[in-house]
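A short worksheet on the structure shown next.
Just so it is clear, none of the values below were taken in a lab; they were calculated from the coordinates. Bear in mind that the values here come from a model prediction, so they are computed numbers and not experimental data. Here the Cβ is made from the backbone with ideal geometry for all residues, glycine too, and neighbour counts use every protein chain on show.
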Amino acid sequence: MKSFAATTAALAALLPLVHGHGFVTSPQPRMPGPAMKAACGNQVEINQQSDNYGNIQGELQVAATQNDYNAAECDIWLCKGYKFDDNKDNVFSYKAGQTIDFGVDIRAPHTGVANVSVVDTASNSVIGQPLISWDVYASTATGVKPDETSFKVTLPTDLPSKCATAGNCVLQWYWYAQSIDQTYESCIDFTVGGGSASGSGSSSSGSTTSMPATAKTTTAAVQSSSASVQPLTTLATQARQGTTPTQAAGSNSGSSSSSNGAGTAASGIPTGSAQDTLEYVRAVFQYLAGN
Ligand SMILES: [Cu+2]
């Protein structure tokens, strides 16, 4: 008979398989692929290939035991490590100021915060302000609300010209369920063209002239201004990981996540509410039962 510790470890190992609970369904986001595998390692990619609803902490649990995980190349806090190179055929062409419909599938609520932002992929920093944000998202107490899974965002009209080139900017949906220390992300690759005229005939590439190319949104300015406004963004978790100097500052308004996060990440067992724990146990049993 296995020891309790061994059983617990086995259950914890299942967590990444059973605990994927959120992903954007529309527009079609980035998916895992060979470039991710090369950067993040074979098992991490397989983990997400089998469950793209999974969370970053789950990926890191897998990564911790793999020597082909390259943290710098994987850049896991950006798009969960999913790579543009695997998604070059799935780039949306938008116009400045365009409104975009979003659909999100949340399979289980976990109270947290969320937003959708334009993210500079080179620096994993938010450009400007979030396009939409929630101080309370997917609450375990109330359940998921309709406007958390079906909503619109409007692209800014002053995005930097770099966003005219595919791969440089993504629309990132970000959900940090601090109640159980799980971070979910989906990234939509896009380019934004300048012109508003529909009859110009040119596609999204050329006319960047209508964009204020040198919009004052330097990264530093954005960060400092947004830090005081956004309660959300990329938070405590990233600050703790020390991986994102960009979005962390000031965003984790004294949350408690820094105190419980390490233990959660280490064991894989949620330390959140009783309901979260029950849900986890239920998920494990569902997995063991074959569904
Ligand atoms: Cu979950």
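For Lys145, the aspartates and glutamates whose Cα falls under 14 Å of its own Cα, not counting residues fewer than eight places away in the same chain, are Asp105, Asp135. Close amide H contacts of Leu131 (hydrogens built in the peptide plane, cut-off under 5 Å, sequence separation of 5 or more or a different chain): Val116, Ser117, Val118.
Amide hydrogen proximity for Lys83: with H placed 1.01 Å from N in the peptide plane, the residues at 5 or more positions away or on another chain lying under 5 Å are Gly33, Met36.
Modelled spin-label separation between Ser50 and Thr154, with each label point placed 7 Å from Cα along the Cα-to-Cβ direction: 4.5 nm. Protection proxy ranking, highest mean first, for peptides 144-154, 113-123: 113-123, 144-154, where packing is the per-residue count of other beta-carbon atoms within 10 Å, averaged. Pairs exceeding 21 Å between alpha-carbon atoms, taken from Lys37/Lys162; Lys37/Lys80; Lys37/Lys95; Lys95/Lys152: Lys37/Lys162; Lys37/Lys95. Please give the Cα centre distance for the stretch 23-70 versus the stretch 91-147, rounded to the nearest Å. If you average the Cα positions of each part, the centres end up 20 Å apart. Taking other C-beta atoms within 10 angstrom as a stand-in for reagent exposure, Tyr137, Tyr69 fall in the order Tyr69, Tyr137, fewest first.
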